[in-house]
1. Net charge within 14 Å of A:Gly25 by Cβ-Cβ distance, Lys/Arg positive one each and Asp/Glu negative one each, not counting A:Gly25 itself?
2. Determine the sum of side-chain charges near A:Leu98: Lys and Arg each +1, Asp and Glu each -1, restricted to other residues whose C-beta is under 12 angstrom from that of A:Leu98.
3. Show me B:86-93, A:87-94, A:16-23 ranked by packing, highest mean number of other Cβ atoms within 10 Å first.
4. A:Thr34: net charge of surrounding residues, Cβ under 14 Å, Lys/Arg +1, Asp/Glu -1, itself excluded?
5. What are the ³J(HN,Hα) values, in whole Hz, obtained from phi via the Karplus relation 6.51 cos²θ - 1.76 cosθ + 1.60 with θ = phi - 60°, for each residue of segment A:45-53 in sequence order, with x given for Gly and Pro?
6. Would you mind giving the mean number of other chain beta-carbons within 10 Å of the Cβ of each residue in B:22-33, as a whole number?
7. Taking Rh as the Kirkwood radius, which is the inverse of the mean 1/r over Cα pairs, what is the Rg/Rh value for segment A:59-134?
8. Determine by what factor the alpha-carbon radius of gyration of the protein assembly as shown differs from 2.2 N^0.38 Å, reporting the quotient.
Amino acid sequence: MSDFSPLRDIPILIGAFFVLTAAIGLVRFPDLYTRLHASSKLVTLGSAGIFLGAALELTDAAAFTRLAAVLLFHFLTTPLTAYLIAQAAYLRGLPPLLGGGGRRGIDEWGALGQAEQVAQADRDAQRAMTAEGE
Amino acid sequence: MNGLTLNLLLAVVWMLLAGEVSARELLIGFLLGFGVLTLFPRALGTGGYVRRSLATLGFVGFFLRELTVANVQVALFALRPHPPLNPMLVAVPLRLRGDSAQTLLVVLVNLSPGTVALGFSPDRRTLYAHAIGTPDAQAARASIIRIEDHLLRCMAPHPPRPEVSP
């Protein structure tokens, strides 16, 4: 068990590297939105590497299929969580750091902190679509 | 008939003719069946199915490349002394419709280089996204539109929504 096996250990090492950079990014990036870039992308691929290494280590077919399912749902859920966190933060009024390096900040949504108004507009649009469908 | 159904049916027929019930024979039958559907698209009406399947295969390759680029980019940003983040919020007009397709788009956008999806307009025709590491808003929009183009090529074309006059 203690010797190095490339097929198992290289995916795990790559995965561990990306999870480490995700942790460094979480500390070093300036605000929640930029930190979500680190947590959604790096953690997804990082843990995928670790799962892959584990699946190749366990030669048992049942363990392999289960890890494949874990991998699939991991890819579907982690990015969606980042989306929901970013949306909740923005609509509740956490201002994103924009621009920098002499560049002008761009916010093309312009709904910062307007959770109530956006929810109301959503409900109105849904109602209009339902009425149109009938 | 639906292309995928026909393809599976051909795979089962192949397995029965091979006289062996196994995943291996099923796979061989599926691939041979796919070849038949590719050779006779006019007679079987499977041109769209073959085109979408190949687009999906191409999409998987494209996605794996994007995922690698995205991770290397953010990892470098995390390790560099002064990363040129230049964060911005961009609005992207969408052609993709439907809740599940747009959910898939959000997942893919969040795994692509430099973008995290933030929300939709009430009519679901605009996606708002947070972008880092791009020089301007146009470049950030272009990367999301590229993903959307790939997704649209993998999907069956929708008939246009009929206009309802009041």
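1. Residues close to A:Gly25 contribute a combined charge of +3.
2. Net local charge, A:Leu98 excluded: -1.
3. Answer by packing, highest mean first, reads B:86-93, A:16-23, A:87-94.
4. Result for the local shell: +3.
5. The phi angles translate into 5, x, 6, 4, x, 5, 4, 4, x Hz.
6. Mean partner-chain Cβ count within 10 Å for B:22-33: 0.
7. Taking Rh as the inverse mean 1/r over Cα pairs, Rg/Rh reads 1.22.
8. That works out to 1.18 for the protein assembly as shown.
The values are calculated or read from the model by the stated rules, or taken from the named source; none is laboratory data. Given the structure is predicted, the values throughout are model-derived calculations rather than measurements. Counting neighbours? That spans all protein chains shown, and the Cβs are built from the backbone with ideal geometry, glycine included. These accessible areas exclude ligands, DNA and RNA; they are computed on the full protein's heavy atoms, side chains included. Shrake-Rupley method; radii C 1.70, N 1.55, O 1.52, S 1.80 Å.
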